[in-house]
């Protein structure tokens, strides 16, 4: 979670929107009486013959829909009253073709008309997301969309995930992009830096990744889409319209159909290159409206005040997100919204996976329902998330979708902070170090990460940093990573925690850290730019800092060409050898045996042509010591990786000298 972002959330929270009704404690228990309408399809229904507007607002006494010529100014040219049903659903059908018409809903609750809202099920919105639009989605499909094919996976840990922010990849002046910071800029082919090296899309394809993870790309509050000539940046963890792409990444945020078509074209281009697209979703809390609002002014609150959020016993908003509110996934219509929303993105936008922000705020039943529905849409779609909260919640701990409960979530994967901090040190302590940077006693945490947090007979769970027991059923239920958008980049963390180390040593630590990640049995996850030693100039959480901090500096691809090559070779090694990505815990227990372990050294053997590998036996040695290590071997072994060399052909026996702070991979055919 974005810890500095939370401070801004707090500042915005203290400004209340006096136009909205305030909540009283008695309302808290009353929400359980609302089970939603019998027909839970609340999406606007469009055809060329008629359009039906729908909203669930059971406490409203009147609801109206306003029709507009555009998405940003002018008064409504028509207003229609909706008709209620006994279960709180309001509808209005208008005959004729309303494609391209903008609209808002307005509810009358507790004697007042609340502010207008595009509605929580809006699929298309105008600039800054204030008004929804009736849209024939067929006309947003790019050429080739109907025959688009998702990349296939035999097991989720066949994926190599690359986490990026759309703007970061191409906004640097030397990215070569003609559409910097845009959806289409992200998939622009043939762009190069001044040194002639591929950037952006071609760089990602060059690296060999299988999936891109897009930081939140639905419509969010922070960016003013009417002022895109003014430098603005935000990660996007402040949701506004959950079912609409963010307009600032499009070529034209004023016309609702443009962002949708360009998002689809971006997905199509990735799929044509065999790369899947994962969306970072933030259903655990809502953002704060820009116009002096707070949670009471959110689109959820403008339909049914209070229902979609959890409250404390005194009626105040619960705040496990540390952003001023938390959504109530355990209430029927919030669960329904999450499931339908994710399903809509999967079907309409052909997405291949979803990453849930602060997943621990959601209840287990909701997350299991999400994955069950997604598997019906496409069997290869996978779901992962942060298995923690940022604060306490009224939701009972035993019901939360926490990392510790992943064994009760059979189709869900969680981030492994065990391997993350075991490798480099705690993200909350600048001076903390890990395995690669010289910390003692971290070997069990590395072993735990290597096997994907499963039960393995050789692991001393009492010595693992954060988990005293296995928490996955299968190895792919753990995300193996060492850095992400949050906190320091890997390169910056190593520098700040080991400011006594030489630049050469820092680079070796960096390489070894992601060498462990990419030879572990969980799903490997790489922060975009890590391969060129990405830096944010030492900043922790850069959620709203300028491009100069957040952009990927493509000059570093030339400066650190050897590191880029090393990462590329790591990915190729993993993809070529299925032994590094066994699909079941039984496979791992049967075929992975740990060998020598000392301070700063972990080694293991993969046996029996594991997972159908062409190599019968594979030996992996991680040496984090600052001196070469003479490692004893039994039998003859061929060298696959020795330091930076991935093309060695030498055969060794008896011993091998493992260079300081490096990985060695040996094999027998």
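The values are calculated or read from the model by the stated rules, or taken from the named source; none is laboratory data. Please read these numbers as outputs of a predicted model, since none were measured by experiment. Here the Cβ positions follow ideal geometry from the backbone for every residue, glycine too, while neighbour counts run over all protein chains shown.
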### Message
Return the residues of the range 646-660 that are at pLDDT 95 or above and either more than 39 Å from the chain's Cα centre (by Cα) or within 20 Å of residue 601 (Cβ to Cβ) (or both); say none if nothing qualifies.
### Response
651, 652, 653, 654, 655, 656, 657, 658, 659, 660
### Task
Could you name every one of the helices (runs of 4 or more DSSP H) located completely within the range 340-455 that has at least 1 residues being in contact (Cβ under 8 Å) with a residue 60 or more places away in the chain and touching a helix residue (DSSP H, G or I) at 6+ places or on another chain (Cβ under 8 Å)?
417-424, 443-450
### Query
Only one of these conditions is not met by residue 553: (1) surrounded by fewer than 18 Cβ atoms within 10 Å (Cβ to Cβ); (2) in a loop (DSSP other than H, G, I, E, B); (3) touching a helix residue (DSSP H, G or I) at 6+ places or on another chain (Cβ under 9 Å). Which number is it?
(1)
### Task
Kindly check whether there is at least one residue in the range 75-82 that is assigned to a helix (DSSP H, G or I) and at pLDDT 95 or above.
no
### Message
Checking the conditions here, which among 605, 625 is in contact (Cβ under 8 Å) with a residue 12 or more places away in the chain and part of a strand (DSSP E or B)?
### Response
605
### Tally of residues being out of contact with any strand residue (DSSP E or B) (no Cβ under 6 Å at 6 or more places or on another chain), over 19 Å from residue 127 (Cα atoms) and in contact (Cβ under 8 Å) with a residue 24 or more places away in the chain across the range 50-87
3
### Message
Of everything in the range 584-593, what is in contact with a helix residue (DSSP H, G or I) (Cβ under 6 Å, 6 or more places away or on another chain) and under 18 Å from residue 634 (Cβ atoms)? Give them in sequence order.
### Response
591
### Message
Let me confirm something: among 661, 618, 639, which residue is in contact with a strand residue (DSSP E or B) (Cβ under 8 Å, 6 or more places away or on another chain) and under 19 Å from residue 508 (Cα atoms)?
### Response
661
### Task
Collect the residues in the range 633-645 that are within 19 Å of residue 601 (Cβ to Cβ) and loosely packed, with under 12 Cβ neighbours inside 10 Å, keeping them in residue-number order.
634
## Note on the structure
residue 573: passes all of (1) in a helix (DSSP H, G or I); (2) touching a strand residue (DSSP E or B) at 6+ places or on another chain (Cβ under 6 Å) but (2)
### Query
Quick check, is residue 185 closer than 23 Å to residue 254 by Cα, touching a helix residue (DSSP H, G or I) at 6+ places or on another chain (Cβ under 6 Å) and in a loop (DSSP other than H, G, I, E, B)?
no
## Note on the structure
When restricted to 157, 234, 243, 195, the only residue within 18 Å of the chain's Cα centre (by Cα) and in a loop (DSSP other than H, G, I, E, B) is 234
### Message
For the range 490-513, check the following and say yes or no: at least one residue is touching a strand residue (DSSP E or B) at 6+ places or on another chain (Cβ under 6 Å), crowded, with 24+ Cβ neighbours inside 10 Å and in a helix (DSSP H, G or I).
### Response
no
